[in-house]
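Okay, so here's the structure we're looking at.
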Amino acid sequence: GHDDDEVELCKVSGIECQWKFKNSWPVIGTFSNPTDTACKFKAVDYGPYGNRKDSIQLLIGGKVVWEKPIEVIRIIPRSEWGAVAPKAHSQTIASFQHVTLHHTSNPSSSVEELQRIQKVHMSLHPYNLYGGKNFDDIGYHFIMDKNGTVFEGRRLESSPGVKGGPYTKGEHVATNNTVAGIGFCTMGNYEATEADGEAWPTTRQKALEKAVSALCRRYKLPSSKINHHNALALPASPSLCPGSNYIPTIPDIVNHVNENLQ
């Protein structure tokens, strides 16, 4: 979630109840009035600490009666990777038909590569002279590097923390972006037929599954709505993306995300 999102955790009347983290990491969040009948947890920014694993516990009478592992995934905001301001967005969508998977088709993986992609997409110098796409902003909503770090691309929500839309329409599947919905791109070239093509590692797949599971949960999308560029490309604009080493693993990704959503 976003900073200051509030999640109602329990409603217990007449019984002393407490929600807590098994490991105390106040950088992740704080509880408000944990013995109230409507106990709430407030997420806060946890700065440079990165992703965190923990367990959330329910205590009744001081004893743990329920426990569930959780993982907080930090999305690196645009301000931290040096994104330039978008042009005026004029197109929005009310809801999502898919989460669409991509690769960058470039083996580079760095903040500099992310900045380069934005320049290409927006036709900023030097791509205003050749090779630019003249998009309003970077086309993808999220980009993951080869270490599994996820970056905010085109701002998805019209206002941070507002999940009801309208949402900013992406530019990542030619003229089929309404159907394509959320664009999630992984840095690298996973097309086996190209000279710089590379394998799709299991570690990268697992990192992607965690992030996509969080998106599906936040926006109430079933795992069946996970798709990829090649499948949604129109005949006039075919694409190999996200690559022949990556595409065969997508049914496996869908299955694992479905398990995560249970």
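The values are calculated or read from the model by the stated rules, or taken from the named source; none is laboratory data. Worth saying up front: this structure is predicted, and the values here are computed from it rather than measured. Here the Cβ positions follow ideal geometry from the backbone for every residue, glycine too, while neighbour counts run over all protein chains shown. Quick note on the areas: whole protein, heavy atoms, side chains included, nothing else; ligands and nucleic acids left out. Shrake-Rupley method; radii C 1.70, N 1.55, O 1.52, S 1.80 Å.
One residue alone among Thr193, Thr202, Thr175 is over 17 Å from the mean Cα position of the chain (by Cα), surrounded by fewer than 22 Cβ atoms within 10 Å (Cβ to Cβ), of a type in the set (Ser, Thr, Tyr) and under 15 Å from Pro242 (Cβ atoms), and that residue is Thr193.
If the condition is being buried (at least 16 other Cβ atoms within 10 Å of the Cβ) and closer than 24 Å to Thr175 by Cα, then region 127-150 contributes Tyr127, Gly132, Phe135, Asp136, Asp137, Ile138, Gly139, Tyr140, His141, Phe142, Ile143, Met144. Only one entry in Gly153, Gly164 is of a type in the set (Gly, Ala, Ser) and open to solvent by 30 Å² or more (accessible area, probe 1.4 Å), namely Gly164. For Val84, the conditions (1) surrounded by fewer than 17 Cβ atoms within 10 Å (Cβ to Cβ); (2) outside any helix (DSSP H, G or I); (3) at pLDDT below 95 all hold with the exception of (3).
Does region 99-108 include one or more residues that are out of contact with any helix residue (DSSP H, G or I) (no Cβ under 9 Å at 6 or more places or on another chain), under 26 Å from Val254 (Cβ atoms) and modelled with pLDDT under 95? No, that holds for no residue.
Looking at the structure I just gave you, is Gly183 open to solvent by less than 30 Å² (accessible area, probe 1.4 Å), under 17 Å from Gln91 (Cβ atoms) and not in a loop (DSSP other than H, G, I, E, B)? Yes.
Per this entry, Lys133 is counted among residues that are charged (D, E, K, R) and part of a loop (DSSP other than H, G, I, E, B).
Of the residues making up region 37-76, those that are surrounded by 11 or more Cβ atoms within 10 Å (Cβ to Cβ), at pLDDT below 70 and not in a loop (DSSP other than H, G, I, E, B) are Cys39, Lys40, Phe41, Lys42, Ala43, Tyr49, Arg52. Summed over region 238-258, residues that are within 19 Å of Ala174 (Cα to Cα) and open to solvent by 70 Å² or more (accessible area, probe 1.4 Å) total 2.
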